[in-house]
1. When the convex hull of the Cα atoms of the chain is projected onto a plane and the area is averaged over all directions, what value comes out in nm²?
2. Residues of region 1-34 with backbone nitrogen within less than 15 Å of a virtual label 7 Å along the Cα-to-Cβ line of residue 64, please, listed as ranges.
3. Please build a GNM for the chain, connecting alpha carbons under 10 Å apart, and tell me which residue among 124, 89, 116 fluctuates the most.
4. Taking other Cβ within 10 Å of each residue's Cβ, how do 50, 103, 9 sort, fewest first?
5. Can you compute the helix-only [θ] at 222 nm over the chain? Use -39500 (n - 2.57) per DSSP H run of at least 4 residues, normalise by all residues, nearest 500 deg cm²/dmol.
C-alpha cells in the first residue's frame with residue numbers, strides 16, 4: 001500500500017542531483033513555497049506537455065512566491081537534454097532509485113495501457129514556507145494540470 005501525504009504533514013526532506021549535475025536540498029528552500037511535481041519520464045509526450053505548461057506559467061507562479069521543481073527517475077544527463085530540448089527554466093531532480101518518489105507516495109502500482117506496472121504516479125505537492133505539505137494531488141492528468149493547480153491555489 002502506498003503512502004499518501006496529507007496537508008499539514010512535514011514534507012520529507014531530500015538532497016538529489018539536478019539536471020545541471022549540482023545537488024538541491026529541499027530544506028535549503030525553507031522560507032519559500034515550493035511546487036514539487038513528479039512525472040514518469042523526460043521527453044515523453046505527456047511529461048513534455050506538463051513541463052512546458054510549468055515553464056509557461058513559471059513567471060506567474062514565481063510572482064506568487066512559488067519555486068517549481070520537477071522530479072523523475074531519469075539520470076541527470078537525460079534531464080539536461082530535456083531542459084535543453086524544451087527550454088525548461090526550473091530545476092529537474094534525478095531520483096533513479098525512486099527513494100524520494102516512494103517517500104512522497106508518487107511511486108507504486110499503476111495502469112499503463114491496460115497493464116499493471118510499478119512506476120511514477122504523476123503527482124504534485126505544494127510545500128509551504130515551513131516545509132509542510134499544503135496540497136498533495138495524486139494521479140493528475142498532464143494536460144491542463146497546471147491550470148487546475150493554479151485554480152486550486154487561488155492564482156487563476
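1. 8.5
2. 33-34
3. Among 124, 89, 116, the largest mean-square fluctuation in the Gaussian network model of the chain belongs to 116.
4. Working: 50 24, 103 16, 9 12.
Arranged by neighbour count, lowest to highest, 50, 103, 9 become 9, 103, 50.
5. Working: 4 runs with 43 residues, N = 156.
Result for the chain, helices only: -8500 deg cm²/dmol.
None of the figures in this text is laboratory data; all of them are computed from the coordinates on show. No experiment lies behind these values; they were computed from the predicted model shown. Cβ sites come from the backbone with ideal geometry, for glycine too, and all protein chains shown count toward neighbours.
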